[in-house]
Amino acid sequence: EHVWKSAEILRDFKPGDDTLQLQLEDGTEMLYSLDTSSPQLPHLRNPDILVGENDLTALSYLHEPAVLHNLKVRFVESKIIYTYCGIILVAVNPYKQLHIYGDAVIHAYSGQNMGDMDPHIFAVAEEAYKQMARNNKNQSIIVSGESGAGKTVSARYAMRYFAMVSKSGSKTHVEDKVLASNPITEAIGNAKTTRNDNSSRFGKYTEISFDRRYQIIGANMRTYLLEKSRVVSQSESERNYHIFYQMCACADQPEFKSLRLCEADEFRYTSMGGETAIEGVDDRKDMEETRRTFSLLGLTKDFQADVFKVLAGVLHLGNVEIRNVGSDRSSISSSDPHIAAFCDLLGVSPDGVTRWLCHRRFVMVAETVVKPVTSKRAVNARDALAKQIYAHLFDCVIQKINAALQVPGKQHSFIGVLDIYGFETFDINSFEQFCINYANEKLQQQFNLHVFKLEQEEYMKEDIPWTLIDFYDNQPVIDLIEAKMGILDLLDEECLFPQGTDQNWLQKLYNYLVDNPLFEKPRMSNEAFIIQHFADKVEYQCWGFLEKNRDTLYEELIDTMRTSKFPLLANFFLEEEPGGVGSKGIKVRPARPGVKPTNKNLRTTVGEKFRSSLYLLMETLNATTPHYVRCIKPNEEKMPFEYDSKRVVQQLRACGVLETIHISAQSYPSRWTYIEFYSRYSILMSQQELVLTDKKQTCRTVLQRLIQDSNQYKFGRTKIFFRAGQVAYLEKLRLDRLRGACVTIQKHVRGWSHRRTFLRMREAAIILQQYVRGQRRIRKSVTAAALKQGWAAVVIQRYWRGHLTRQIFRMVRSSSIVIQAFTRGWIARKRYKKMVEVQKALILQKYARAWLARRRFQTLRRLVHNVQLSYRCQQLRKKLEDQGKENCGLLERLTSLAGAHAQGLDKLHSLEAQLGKSATEKASLEEREKKSKEDAAKTIAQLQQEKDGFIVQKQDLEKKLADTATEMKGKEEGNYGSDCSLFLNLFLRIAENNLDLQKEDHEKEVEILREENRRLKEERVRLQRQTEEGAQVNTDLQDQVIQLTKHVKVRSFGRIAHQARQGEVIWSYSSPSMSSVLSVRLSAGRVLERKQKEQKEVSDSQIEGLTFKVEHLQNENNQLQKLFQEKMSVNDSIGQEVTRLNQENMVIPELKQTVSELQRHKQELEEQLEEQTRGMTEEASQRRYGCTSSKQLDMKDRLIRKLQNKIKSLQTSEKANQTPAPTIPKEYLGMLEYKREDEPKLIQYIILDLKPRGVVVNMIPNMAAQLLFMCVRHADYLNDGAKLKSLMNAIISGVKKVITDHQADFELLSFWLSNMYHMLNCLKQYSGEESICCFIFTQIFSDLAIRIYHQFISVMEKALMPMIVPGMLEHESLQGISSMKPTGFRKRSSSIYEDQEVYTISSLLQQLSLYHSTMSQHGMEEVLVRQALKQTFFLVGAATLNNILLRKDMCSCRKGMQIRCNISYLEEWLKEKDLVQGTSAMETLKPLCQAAWLLQVNKTTDDDAKEIIEQCSELNTVQIVKILNSYTPIDDFEKRVAPSFVRKVQGLLQDREGGSSQLMLDTQYRFQVTFPFTPSSQALELLQLPSSLRLGFITRI
């Protein structure tokens, strides 16, 4: 179970002893038997100081138990899964997700030397990437191990590292595609086995291509030995390939409906293992990921659908039922739904498939025979077809992936990642295990040769004599497998025979290979053979070897598949053209020629194909620099951090780790640089040796003295090489010396303590003896009488002495009282005088301070008033200028209105002409009317004559009638005649009246139009006068509009009334009897009425046009009125302000006179005060009078100051109200004027050509910003928006160009960051908040300053990053506290760079001082300096803590002391620069301080655990546990952290709420930068233009 046990020798071994008395770790004792003839002693254990090392080659004793124990300590106790073993990285599968693979960890390992950090897969990937870039040589990373050891995950992390550190920045996203290929290959090539839930069932070699800039440009994938048998059969508790279960999980989705899928347990090929699900795995989500990566690689939806069709067809093919028909026949039902689904999906003929699955065709010489086969052979044919289809599909998908990963561009170099199966041995081993172990034999041979080569190169580089190292060579095993008449050769030969069997092949092996010592025949079996591999003996069962090697499929089935209507399937079975092996067509010359088939029609066997691909792989690996990763499976139960020593040692033997140890142990495994040896073992040196300056010679002298046998060590150029066990011997000597020193120190301390105690006791004893002896002598020599006399004398003396003492006391007391009285009086008087002086001083100070405060307040108030008045005057000037612009606009509008008015006059003239024409027409009409009247009169006269004749005739006729009738008729006719004559007279009058009315109307209209014309002329004159008179225009126009509307209304109303009266008169006198007369007589009236209507329509249209024109003029006048009212209001306000200022100016002489009188009065009061102070005798009266006089003086002084301030404010306002042009010469406004065409020259001289180290720039910080702002201020003062915008854009573009061209220039970035910040402050200080333009450009300048700040911080970080780890961690700032430990092979890589600079904490402080001085020199504000230093200190703390977390050798108590010391240096630097307050820089170092404290504190008891939880508040749970697990003692006096204590701390940390779970701190984190407003103290008015800047084209205003 334990393989090896640790024990301690209880009794020294002596030659001839047959037993060793040992004590195990659990306390039990045992006897270990020895062979007295040649005693084989047990392996010696390494010192505890070497246990748990990062590199196994650093162990002093290199053997199997030491390696196993070291791995166990690191894995179980320290929870570290990676360990170096020379050039091998041993990776133990933790079966748990760890926080060591984030992007921050990748950045931490990027650029680091191998061995500087803890072992990691990223360190191996970085070493490969670095060697590729440095040596221009292709690299390979070989990842191997058992199933379930973590090979796939390790290879995936290596490719992820390359994708992260070599970002191409192109739009093709090749890195993402390379990583996206993993889910697809895992879906179609991985499956669940008894050992692993995601076991790769094929080998894979991925070449990642790089261009000349070492950026990924593509990838290519080669696969080896896919396990096709898994498609048709799985062992118990295993699954088929993942893709089948993913498809079944998505059977209900629309895309998979046509595939006729069902649950996985309903298909034979997916249910043979009994398990269709994996705990914690969601096949449906995995299918989504698979399809997403298909799309990411650019594989079309149609191709994906074709792939799923083929896979579904394989599943349906497995469910085809083949039944026995007799003993030698078989058949398939035509109604089988699965055979129908298979044929439909793949487009093949159902008849052909069912026929050739159950029959076979034999070609004879003369005929062809079709023979039925048994159901067993038919099932084999079905399974063979399924395996062949899946294998072709697998190759097709890999080919498509390779095509998708090819990007245009020439490959410069590549890094290959080989994920291949490790050495395997099971209870039943078959053809697959044979091929796998054959491949591992080839890889082990290549590995041994590479290790041997590296050892030889190391010896030659160090000028050490090379001695031949004996190591295991597995070439005989390889010859046994692949040589002529070897196992593969005999297997291919047996496959050539149609009737060949596994038994016949096995018998040939027994016959031909029986004499080979590496080949054995099992004792109890005739169906197996045994091969002695480099790792172990393996027994192979011969059953199935021939069938798997042939991999045959009936030609009839192949022909059927070729005739498929499904193109993808038909392409699978096309005849292959003869060519070389390999996807790239690389011509490979194998080490041994393969077996050539005698017939061209014979297919190449699987063994031959695998041997050819293996030769190609070995050629590729031999042409590259290999890096090895060996994955170890710690236990079979997949329990996290459980260590099964038996299983681990089997894998260590199989993967070549122990062989590396063996090769290293053969020579000089322990190697130290001279500096490391001197630092570690200086304690063993004598004083004379330490005095020597040549450290190499000192090391030589010490070693020659300590180790007598010179063969146990060798001196190289840079290192000392030790045989196995010599470092342990030196460690023992060092420990003995330390123990001896401790004993010596303890001896002297204990002796001093005991001597001190003894002397104290001796002194006390002597004193006691003196008193005892004196008492005894007194008792012996003194009598009773003598005692009485002596007592009486003592009493007398007592009283006498008392009397004398009392007298002396009384005399001294009286004297003392007198002295005290005088002294106290003097002191009281002195104190009183002091109090008086203090009170007077307080009064004077009070009034002086009050006077100073008032003076400051008045000065500030004057300043505020001046600023307010200047601002108000500026605003009034702007308003006046705006009003002037508006007046100009109004004048233009008035001009346009005058033009419009002129056009209106022209129209009026045309109307007058038309009226003249209408007058002439009217005259002609009147003449026509006169003629018509004369004609009518003539007609009436004729009618009258005819009427008289008719009357005469009528009278004659009436006379003949009866008298009564004649009289009646005569009366009627008389009435009728009178009525007719009356009507005619009335008609003529009406016609005359109508003509008169029309004439009057026309005359009135002409008069109205003339009146309108006259008034429009007056309006034109008034409009011209309005520009001078103001608001009178509006009232005139309104009166005019009212008059016009009245005229129009009166005229229209009169016409309507006249027409109404005319109609009433006409129709009142009409009657029905006169209709016939009116129809004849009124024809002339109708003609007149028609003409009258036409004239009326013309006049109405003219009136409407004039009315519309009047309304338009009225609207224009209203607008003009509003504008003039606004102007008048502004003028009124300006006039009022001017009047007020004039009135105030008139008061100034009176105020001046008052001030002079008050000043005179003040002087008189001061003189009185001085006289009174000199003549004061009593303190109280002096104080009261002084208070009253000082109060009066204070009141007068306030009044004088108030009046003076008022006078100054009035004078200032008076000056502000004057013309803008300055009248006083040599008074500058803090502005610079330049011409527009000089703007490029201005930008060139002030921005582009300005150097931060110029003399003028150093004398006047932020001068560039001040000059630019003065130009901006002048452009804004002139209200020249175009010039201001152009200048601002030019400034921004110029600064951007400068910082872009000098991205890595710290001084220039600091200079422009300071100037941009000053520019922001100037914009805020001198510009009003209401300025929109100022606000916009302030935002732009703020964004530019933020950009410069981030670039500035990046440059600082880039310079500081190489100094942080050496200065804070590696440099020993505390002398005498060495933390050097033995190192292994990996640490040797850093010794190549001997010339690189060594950084210390002083280097870091010097760089920080340089930064601070540069920022101060450029006038950067303190608040910005503090923010930059806060960011810098955060980087120092984060980078240092991240390095501690990734370096186990830095987790020690002494290193914690060094870190605390270095932090104190940083704090002292902050105090020296006066930056402790306000920067929060030390707050950013809290995590590092707590980590250093954690390394130093005790870590044993429960109280220690609670204290750790309380103190480490800035560290999260993952970081605390990582530090505790990585804690490494430097000496034997320190103790390791017990795993129980770590678990206890971890349990207490579970109660913590929130917090991050990330291991690393993000060094790219940026604190938010702010630019608070800081007013400038520089007066722009006093700034002079330096002549060195060549700014002669700029003028000060």
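Summary of values
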quantity	calculated
Gain in span if fully extended, Asp351 to Arg813, counting 0.36 nm per residue against the direct Cα distance	151.8 nm
Surface accessible to a 1.4 Å probe, Ser334 within the full protein complex, Å²	120
Surface per residue (accessible, 1.4 Å probe) for region 380-457, Å²	33
Neighbour cut-off at most 14 other Cβ (10 Å), DSSP loop, GluC sites (Glu not before Pro), region 9-70	Glu25
Simple spin-label estimate for Lys747 and Thr701 in nanometres, 7 Å along Cα-Cβ	2.6
Surface accessible to a 1.4 Å probe, Met1316 within the full protein complex, Å²	0
Viscosity 0.890 mPa s, 25 °C: Kirkwood-radius Stokes-Einstein D of region 216-371 over Cα pairs, µm²/s	136
Shape category assigned to region 1495-1558 from the gyration tensor of Cα positions, a/c cut at 1.5	prolate
Accessible surface ranking that places the most exposed of Cys250, Cys1453 first, with a 1.4 angstrom probe	Cys1453, Cys250
Euclidean distance of C-alpha centroids, region 907-928 and region 351-382, integer Å	126
Coil-residue trypsin sites (Lys or Arg not before Pro) of region 1-66, DSSP, other Cβ within 10 Å capped at 15	Lys5, Arg11
Heavy-atom surface of region 480-532, accessible at 1.4 Å and reported per residue (Å²)	53
Computed E for Glu555/Lys453 - FRET, C-beta separation, R0 56 angstrom, nearest 0.05	0.70
Extreme residue, positive dipole direction of region 13-143, given options Met117, Val92, Gly16 (C-beta unit charges)	Met117
Gap separating the Cα centres of region 1544-1597 and region 68-130, nearest whole Å	38
Approximate spin-label separation Asp48-Leu1582, in nm, with each point projected 7 Å along Cα-to-Cβ	7.4
Probe 1.4 Å, all protein chains present, accessible-area order of Tyr161, Tyr1245, Tyr871, Tyr1465, largest first	Tyr871, Tyr1465, Tyr1245, Tyr161
Surface per residue (accessible, 1.4 Å probe) for region 780-936, Å²	80
Rounded percent of accessible protein surface that carbon and sulfur make up, region 283-407, 1.4 Å probe	49
Cα-Cα P(r), region 469-571, percent of pairs per 5 Å interval	2, 11, 18, 19, 14, 9, 7, 7, 7, 4, 2, 1, 0
Loop-located GluC sites (Glu not before Pro) in region 276-344, at most 14 other Cβ atoms within 10 Å (DSSP)	Glu279, Glu321
Cα centre as origin, Lys/Arg/Asp/Glu Cβ charges: region 1474-1536 dipole, Debye	240
Mean-position separation - Cα centroids, region 498-553 and region 442-458, in angstrom	31
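The values are calculated or read from the model by the stated rules, or taken from the named source; none is laboratory data. Keep in mind it's a predicted model, so treat the numbers as computed, not measured. Note: ideal-geometry Cβ built from the backbone for every residue, glycine included; neighbour counts use all protein chains shown. Protein only, heavy atoms only, side chains kept; ligands, DNA and RNA dropped before computing areas. Shrake-Rupley method; radii C 1.70, N 1.55, O 1.52, S 1.80 Å.
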